[in-house]
Structure formats: C-alpha cells, structure tokens
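Below: one structure, written as structure tokens.
The values are calculated or read from the model by the stated rules, or taken from the named source; none is laboratory data. Keep in mind that this is a model prediction, so the values were computed, not measured. All Cβ positions, even for glycine, are placed from backbone atoms using ideal geometry, and neighbour counts span all protein chains on display. Calculation scope for accessible area: heavy atoms of the full protein, side chains included, ligands and nucleic acids excluded. Shrake-Rupley method; radii C 1.70, N 1.55, O 1.52, S 1.80 Å.
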2 protein chains.
Amino acid sequence: MSPIQGTRTGGRSARVQQAVHDAVRELQSERSRAELSVPLVAQRAGVTPSTVYRRWGTLQELLADVARERMRPDDPPDDTGALETDLKAWARQYLEEISSSPGREYVRDLVASDGEENSEQCNRYCQVKIRAILDRAAERGEPHPDADTVTDRVTAPIVFRVFFSSGDPTPEWAESLVDQVLAD
Amino acid sequence: MSPIQGTRTGGRSARVQQAVHDAVRELQSERSRAELSVPLVAQRAGVTPSTVYRRWGTLQELLADVARERMRPDDPPDDTGALETDLKAWARQYLEEISSSPGREYVRDLVASDGEENSEQCNRYCQVKIRAILDRAAERGEPHPDADTVTDRVTAPIVFRVFFSSGDPTPEWAESLVDQVLAD
DNA sequence: GCGCTAAAGCAAAGAGTTTGCGTTAGACTG
DNA sequence: CAGTCTAACGCAAACTCTTTGCTTTAGCGC
C-alpha cells in the first residue's frame with residue numbers, strides 16, 4: 001500500500017496518533033466525560049495540545065475517532081448453527097454493548113461529530129457482522145432477509161430505543177425483533 | 001397551576017429564557033453551528049454569559065433545550081381519511097423534517113446533551129402524533145398496530161438511516177415502511 | 001406596601017483554544 | 001547512502017471561553 005501523496009502515514013505521525021488514542025482510552029476509563037479535555041489528553045499522550053488541535057480539530061472529533069475504532073469488528077460473530085440463533089445472539093450482544101454506559105457514550109460521540117463519516121463507518125462495521133451471519137445462512141440453504149432489512153428492523157429499533165426511549169430494552173425484546181424479521 | 005416552591009417561573013426569569021431562546025434561533029439561522037458560543041448568544045439576548053452558564057450549564061444543553069422546543073408538536077397530523085395515507089403522510093413529513101440540514105442539527109444537539117430527558121421528550125412528542133393517527137383509525141374501526149410498533153418499524157429506521165447511512169433515504173422508502181407495518 | 005430570596009449582573013481568575021514561527025523526523029531523490 | 005524537502009510537531013503568546021465570589025435587582029407572598 002503506497003502512502004498518499006502529501007500526507008505522512010508512518011513514523012512519528014503514527015506514533016503520535018497511537019499515543020493520543022491510548023491516552024483517550026485510558027482517561028475514559030478513569031474519569032467522566034465532562035472531565036476530559038484536550039490539554040489533559042495531550043499531557044497523558046506526551047504531546048502538546050496544539051498537535052491534537054491541528055490533527056483532530058476538537059475534542060469531539062477526537063472522541064468520535066476513538067469511538068469509531070472501538071466499534072471496528074474484531075472477531076466474526078459466533079456460529080450457532082442456524083440463522084435465527086445467530087441473529088438473536090448478535091442482537092442480544094449488540095444491545096448489551098450499546099446500552100452499557102460506555103457504549104452509549106461512544107455512540108453519542110459518533111453522532112455528535114461534525115463529519116458524518118464516522119457514523120456511517122460505524123454502521124458499515126455493523127453490516128459486516130450481519131452480512132457474515134446472512135452469508136452463513138445462504139451457505140446452509142436457509143431463506144434469509146437482506147442486510148438492509150435487518151438494519152431497518154433490528155439494528156435501528158435497538159439504537160433508537162436506547163437513545164430515545166425511557167425504559168431499558170430487554171434482551172427478550174431484541175430477540176423478538178429477530179423473530180419478526182424472520183417471520184415474513 | 002401553582003409555581004414550584006423555590007423556583008421562579010414568571011417575570012424576569014421567563015423573559016430571560018425567552019430572550020435567550022430567541023437569540024439561539026436567530027443565530028442558528030445566521031451562522032454555522034461551529035460559530036455559535038455562549039458569549040455570542042448572551043450578547044444577542046442582552047444578558048451576561050454567566051446567566052446562561054448558570055441556567056443551562058453548557059452551550060450543548062442550551063441547544064438541546066431549544067431543539068426540544070422546536071420538536072414540540074404544534075398541529076394535529078393531517079386527517080386524510082384512512083390509516084395508511086395518514087401514516088404515510090406523517091412518515092414523509094417526518095423524514096423531510098429530520099433529514100434537512102437544520103433538522104439533523106437539532107437531533108444531533110438532542111442526542112449530544114447529557115441528560116437523556118431531552119431525547120426522551122422528543123420521542124414522546126413523536127408518539128403523540130402517531131397516537132393521534134392511530135386513535136382516528138380506531139374510531140373508524142380500522143385495524144391498526146400499536147404506537148410502539150410504529151415507533152420500532154417506522155420512526156426508528158427513518159432516524160437511523162438519516163444518521164448512520166450514507167445515501168439519502170427517499171420518501172418512497174419511508175412509505176414502504178408504512179406498507180410493511182400495516183401488512184401484518 | 002414590605003421583606004425575602006431566586007436569579008441576574010459584574011468582574012477577576014482560571015482554563016481551553018488558536019496561531020505564527022522555528023525545529024525535527026523521515027520520505028524521496030540522485 | 002548522504003542530501004534535500006516538507007508535513008507534522010513543539011513552543012509560547014494572544015485570545016476566547018468558562019467559572020466563581022460577591023453585589024444588586026425584581027417580583028412573589030405576606
């Protein structure tokens with residue numbers, strides 16, 4: 001992979017980015033969101049605040065950048081042997097992840113950031129997992145909805161309820177969304 | 001309605017709140033979000049910044065407060081004579097409202113605010129409109145889903161796609177969500 | 001009217017942000 | 001493999017925003 005003309009991707013730049021991201025993650029686990037600040041992160045990372053401002057612009061954008069990284073899919077979703085159970089397991093895990101206190105903060109940071117790139121990337125990560133599940137169903141010969149349908153009928157309601165509804169959504173409710181999308 | 005003990009609801013307090021809200025709305029129509037600041041709003045409203053800080057805490061919370069006011073339902077939704085067309089008209093209008101550039105900003109401000117009160121209130125406003133439509137359907141004797149189902153299957157996908165998806169959702173797509181929820 | 005106090009004003013101290021300029025690391029070239 | 005070039009970093013000063021203690025004011029309840 002050749003580096004893009006006019007931007008530096010390796011060496012010191014990469015080390016600074018790594019150090020700043022690590023600093024944010026450390027501080028997020030130690031202090032509340034309101035206590036975070038660019039100077040604080042910069043000090044922990046061993047760089048000057050101006051470096052952070054010039055690269056990320058605002059604390060908001062930096063937090064969104066870190067949040068996006070955290071959402072990146074690591075392992076392929078568990079293979080339970082059937083579409084229904086695969087999707088239910090994923091839906092339960094996803095609900096748990098984003099309804100947790102840190103999970104909500106990450107999504108908040110993503111939505112609050114100026115560029116929509118971050119939120120969109122986050123959804124793409126989500127769809128990568130969903131598609132992996134659907135592809136396995138296809139291999140088994142199971143009938144299955146497409147990824148956009150699963151997004152509209154499972155992912156969207158989960159995210160919406162976590163952020164706009166008063167009660168805590170239950171794992172059972174998340175599973176019922178899967179039942180409904182597989183019913184028709 | 002008696003005022004709550006220990007807080008002032010009328011007189012000067014009310015005038016200040018009005019002036020600050022007006023100032024925010026004016027400035028939002030003149031400048032970009034990044035150019036807004038508490039001192040700027042305060043100056044336009046004819047109050048001191050410390051007044052704004054003490055009442056709202058941060059610019060974020062103030063913007064969320066204004067955004068919530070804007071989302072408050074004004075008129076009852078149009079009565080087109082049938083559930084399907086009522087819901088489709090509402091879905092189209094809602095999509096248009098929140099996918100517009102200012103609409104997205106309002107929702108962003110709501111989600112970004114610390115207290116979840118604002119986001120939840122916003123959803124309650126939404127459900128008020130949906131329930132009005134469903135109640136009319138009930139009066140006509142039409143079969144109809146409940147408000148939570150409409151929230152999960154129409155409102156949630158609309159909001160989710162506007163914020164997490166790359167392409168612009170179309171009015172036709174919003175209508176198809178209504179078709180699906182009425183189909184089963 | 002009169003007193004009481006929540007809320008506003010004022011101003012100074014503190015914290016965060018922006019910016020110009022010099023320096024440095026590391027990518028590219030010959 | 002040394003030399004050149006420049007994106008990105010460090011530093012520091014100027015600037016803006018935020019916080020806070022104290023004073024003043026408006027207007028509700030008696």
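Helix B:101-112 and the long axis of chain B differ in direction by around 70°, with both axes built from C-alpha atoms.
In percent, how large is the relative contact order of region B:88-184, given Cα pairs closer than 8 Å and 6 or more residues apart? Before the final figure, lay out each step's value.
Numbers: 58 pairs, mean separation 38.6, N = 97.
Relative contact order for region B:88-184 comes out at 40 percent.
Note on A:Lys129: lysines with a C-alpha under 23 Å away, same-chain residues under 8 apart excluded, are A:Lys88. Each copy carries a label point for B:Thr85 at 7 Å from Cα along the beta-carbon vector; from one copy to the others these points are 4.9 nm apart, nearest first.
Can you put A:Arg44, B:Arg15, A:Arg54 in order of accessible area, largest first, using a 1.4 Å probe? Mind showing how you got there, number by number?
Working: A:Arg44 100, B:Arg15 160, A:Arg54 205 Å².
Descending accessible area places them as A:Arg54, B:Arg15, A:Arg44.
Note on chain B: dipole from Cβ charges, positive end direction compared against B:Ala112, B:Leu87, B:Ser101; the farthest Cα belongs to B:Ala112. In order along region B:38-55, the Karplus-derived 3J(HN,Hα) couplings, from 6.51 cos²θ - 1.76 cosθ + 1.60 at θ = phi - 60°, round to 4, x, 5, 4, 4, 4, 4, 7, x, 10, 8, x, 4, 4, 5, 4, 5, 8 Hz, and Gly and Pro are given as x. Taking the Cα atoms only, what angle lies between the long axis of helix B:59-71 and the longest principal axis of chain B, rounded to 10 degrees? The answer is roughly 40 degrees.
What's the Kirkwood radius of region A:120-181 in Å, using all Cα pairs?
Details: mean 1/r = 0.0795 Å⁻¹.
When all Cα pairs of region A:120-181 are included, the Kirkwood radius is 12.6 Å.
Distances between copies of B:Leu40, taken at a point 7 Å out from Cα along the Cα→Cβ vector and listed shortest first: 2.6 nm. Comparing A:Ala14, A:Ala174, A:Ala67 in a Gaussian network model of chain A, where Cα atoms under 10 Å apart are tied by springs, the biggest mean-square fluctuation is seen for A:Ala14.
Measuring nothing but protein heavy atoms, the accessible surface of region B:11-57 at 1.4 Å probe radius is 45 percent carbon and sulfur. Of the residues B:Pro49, B:Ala138, B:Ala23, the one whose Cα sits farthest towards the positive end of the charge dipole of chain B is B:Pro49 (charges of +1 on Lys and Arg Cβ, -1 on Asp and Glu Cβ, taken about the Cα centre). Helix A:117-140 and the long axis of chain A differ in direction by around 30°, with both axes built from C-alpha atoms.
Where only protein heavy atoms count, and the probe is 1.4 Å, what is the accessible area per residue for the protein assembly as shown in Å²? If you can, show how the numbers build up before the last one.
Details: 19250 Å² over 368 residues.
Spelled out: the 1.4 Å probe surface of the protein assembly as shown, per residue, equals 52 Å².
Sorted largest first, the spans of the alpha carbon positions of region A:11-57 along the three principal axes are 31, 17, 14 Å.
Here region A:70-183 is treated as a sphere whose radius is the Kirkwood value from Cα pairs; by Stokes-Einstein at 4 °C and 1.567 mPa s it diffuses with a coefficient of 89 µm²/s.
In terms of the Cα gyration tensor, with a ≥ b ≥ c the square roots of its eigenvalues, is the protein assembly as shown rounded because a/c is under 1.5, prolate because a/b exceeds b/c, or oblate?
Values: a/c = 2.02, a/b = 1.07, b/c = 1.89.
Taking the square roots of the gyration eigenvalues as a ≥ b ≥ c, the protein assembly as shown is oblate.
Accessible surface buried at the B:A interface totals approximately 2700 Å², computed with a 1.4 Å probe on protein heavy atoms. When the Cα positions of A:Gln60, A:Met71, A:Gln121 are compared along the charge dipole of chain A, A:Gln60 comes out farthest toward the positive end, with charges on each C-beta of Lys, Arg, Asp and Glu. Rolling a 1.4 Å probe over the protein heavy atoms leaves A:Arg55 with an accessible area of roughly 100 Å². For the peptide B:150-162, the mean number of other protein chain Cβ atoms found within 10 angstrom of a residue's Cβ is 6. From the Cα gyration tensor of region B:1-120, with a ≥ b ≥ c the square roots of its eigenvalues, which class applies: rounded if a/c is under 1.5, or else prolate if a/b is larger than b/c, or else oblate? Prolate shape, in that a/c is at least 1.5 and a/b is the bigger ratio.
Across the copies of the chain, A:Glu26 has label points (7 Å from Cα along Cα→Cβ) spaced 4.8 nm apart, shortest distance listed first.
Among B:Arg72, B:Arg124, the sequence by solvent-accessible area, most first, with a 1.4 Å probe is B:Arg72, B:Arg124. A simple charge model with +1 on the Cβ of Lys and Arg, -1 on the Cβ of Asp and Glu and nothing else charged puts the dipole of the protein assembly as shown at about 2140 debye relative to its Cα centre. Applied to region A:164-181, the Karplus parametrisation 6.51 cos²θ - 1.76 cosθ + 1.60 on θ = phi - 60° returns per-residue 3J(HN,Hα) values of 10, 10, 7, x, 7, x, 9, x, 4, 4, 4, 5, 5, 4, 5, 3, 5, 6 Hz, with x for Gly and Pro.
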